[in-house]
Structures are given as C-alpha cells and as structure tokens.
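What follows is a set of notes on a single structure, which appears directly below.
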Amino acid sequence: MGSVRNHIYQTLFAALQDSSGMIPEDIVIRQCRSAGYDGDAVREELTSLVAAGDLCAADGHVAPATEPSQEPLEIETHRGDESTPWQFSLTQTPTDIVIEQARGPPEDFDPVEKRFTIEEQPLGEEPAEFHHAVNRRVWQEDPEQPHMRSQRSEGHIVELFYRDTTGRHLDRPDPEENEDGIPEAVEFEPTEHPGITVSSTFIRSEDGADLKFSEEREYRIDREILDKYAEVYVLSYYEVNEESTEQAVWDVDDATAYRLVSSAES
C-alpha cells in the first residue's frame, strides 16, 4: 500500500479531472479509509498539505492548489456572469496575476494587459481596508444616432479574485441597490461575499444626454472570508478607459494583487 499522501492526490485528481472546483474533505477521508488508511492519519496529512500550500481548503472542501503557469486559468464567473468578456484570459505566475482583455476584434483593439504584482496581505484582528473611487461620464456625440454613446471612466478600482467550492471567480463586490438600481449603502453594510463589508457614496448628475457618475467605496475585509474562500486576492489598480470619436484609451497603472492570508501564516 502506497503512502496516504499519494492516495489523497489520486482521490483528488480522479474526482476533479482538471476541474477548478473542490470536493468535500469528508469524501477524501472516506475514500482513503475504504482503501485501508486510518482516518486520523488522513486528516493529519490533509492539514499538513494545506499548511504547506500544496492543497487549498475552503468551507470544508479541498483541492490541489493552483500551480503557477503561463496557461490561462478557467474562470467560472466574471462579475456574476457565467460568460467572460471578449478576448479575455487570466494567468497566474509565481509573482504576478495577468489579465488580458479587449472589447473589439484584434484588428481594432489589441488586448489590454493588466499585470498585478502579488503581495501578501495578512488578516488579523482588525480588517484590511481598500478604497475604490471611479468617475464616469457618458455622452452623446451624434444626434442622429441617439443610441450610440461615448464614455470615459477613470479611477481606482478594487476587484476580488477567489476560489470556492465551484471554481474560480472574478468579481467586484457591490453594495445593495435600491429599486432604482443605485447603490444605497452609506454605513458599512454586508455584501454577498462573506467577511466583506462596504460603505458607498454615489452621485449622479444629468445635463441633457450628458450623464456623470461618481462613486466611492470603502471595503473592509476580515478573516471570515478565508473560511469560505480559498486563494483569495484583492485586485487593486488605477484605470483610464475612454471610447469616443476622438480617442480610444484603456490604460492601467499601479496594479497590485493582495493575497489574503491569516496573520498566523505571514
């Protein structure tokens, strides 16, 4: 009989078959016990593998940790949608997370590269805080084509890249919205993500067909998120994005991927 570690990996790879999801820890233990391994020994080995970073764990589930590679990772959802934008890919290397995306065909728009340098962000007794602030303008340039709008957005953006029991997700945690679809949070309110609360200020002004929006968000993230999610990163970056008759600009700067870890791990 081989080692308990080898059997754990055999069980995981057979169950997942290259899926980015995770499987219940109890199933791994049960499969190993049926093969003749002691249940306590399996639990100890699982704990050791998670502590070493060879496995990731979340909400009672485990999976092999993401191995750095130049190959694109499978994303289950992008901002709540099961599809991804045109010409989208996400890769993870030992030092960076790289997102490539374009809005049009290659002959019109080269892929925009967002390269995030990975840094560890310990979560202790006090939550970590992140600031999001974006100004956006939408206007009409051709009166004969009222449905064609130009737009410009600029500001500091915060997004969440994480893995849960179903796979990997890229999301922008939003405050709750009122009936008009406008964020209504003022004081810190829960989001749909465990351990993340947000305080939001939203201003909208209108001058004919010229609309202006301004939103600021303060995020607080505590250690609860590490119980439900695995491999959690806060993507923080500055972006200028304009599509108008005068210019097409999509620039990214000051991009950092903060890997959330328990303060005991740092």
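General remarks:
- Residue under evaluation residue 154, criteria (1) under 24 Å from residue 198 (Cα atoms); (2) free of Cβ contacts under 8 Å to residues at least 24 places away in the same chain, criterion not met: (2)
- Residue count for the range 197-241 satisfying the condition of being surrounded by 18 or more Cβ atoms within 10 Å (Cβ to Cβ), within 23 Å of residue 135 (Cβ to Cβ) and not polar (S, T, N, Q): 8.
- Here the range 242-261 is the region considered, the condition is being acidic (Asp, Glu) and open to solvent by 70 Å² or more (accessible area, probe 1.4 Å), and the residue that is farthest from residue 114 (Cα to Cα) is 246.
- Output for the range 246-266, where each listed residue is in contact (Cβ under 8 Å) with a residue 24 or more places away in the chain, of a type in the set (A, V, I, L, M) and under 22 Å from residue 95 (Cα atoms): 252, 255, 257, 260, 261
- Checking each residue in the range 90-113 for being modelled with pLDDT of 95 or more, open to solvent by less than 40 Å² (accessible area, probe 1.4 Å) and of a type outside the set (Asp, Glu) picks out 90, 91, 92, 93, 97, 98, 99.
- The criterion of being of a type in the set (Val, Ile, Thr) and at pLDDT below 90 holds for residue 182.
- Any chance residue 36 is over 23 Å from the mean Cα position of the chain (by Cα), open to solvent by 50 Å² or more (accessible area, probe 1.4 Å) and on the phi > 0 side of the Ramachandran plot: yes
- Each residue in the range 10-33 was checked for being closer than 16 Å to residue 56 by Cα, surrounded by 17 or more Cβ atoms within 10 Å (Cβ to Cβ) and over 25 Å from the mean Cα position of the chain (by Cα), and 3 of them qualify.
- Selection within the range 69-89: residues that are of a type outside the set (S, T, N, Q) and assigned to a strand (DSSP E or B). The member of this set that is surrounded by the fewest Cβ atoms within 10 Å (Cβ to Cβ) is 81.
- In the range 42-68, the residues that are part of a helix (DSSP H, G or I) and surrounded by 14 or more Cβ atoms within 10 Å (Cβ to Cβ): 42, 43, 45, 46, 49, 50
- Subset tally (residues that are of a type in the set (S, T, N, Q) and free of Cβ contacts under 8 Å to residues at least 12 places away in the same chain) for the range 9-43: 3
The values are calculated or read from the model by the stated rules, or taken from the named source; none is laboratory data. As the structure is a computational prediction, the values presented were derived from the model and not from experiment. Note: ideal-geometry Cβ built from the backbone for every residue, glycine included; neighbour counts use all protein chains shown. The accessibility values were calculated without ligands, DNA or RNA, using every heavy atom of the protein model including side chains. Shrake-Rupley method; radii C 1.70, N 1.55, O 1.52, S 1.80 Å.
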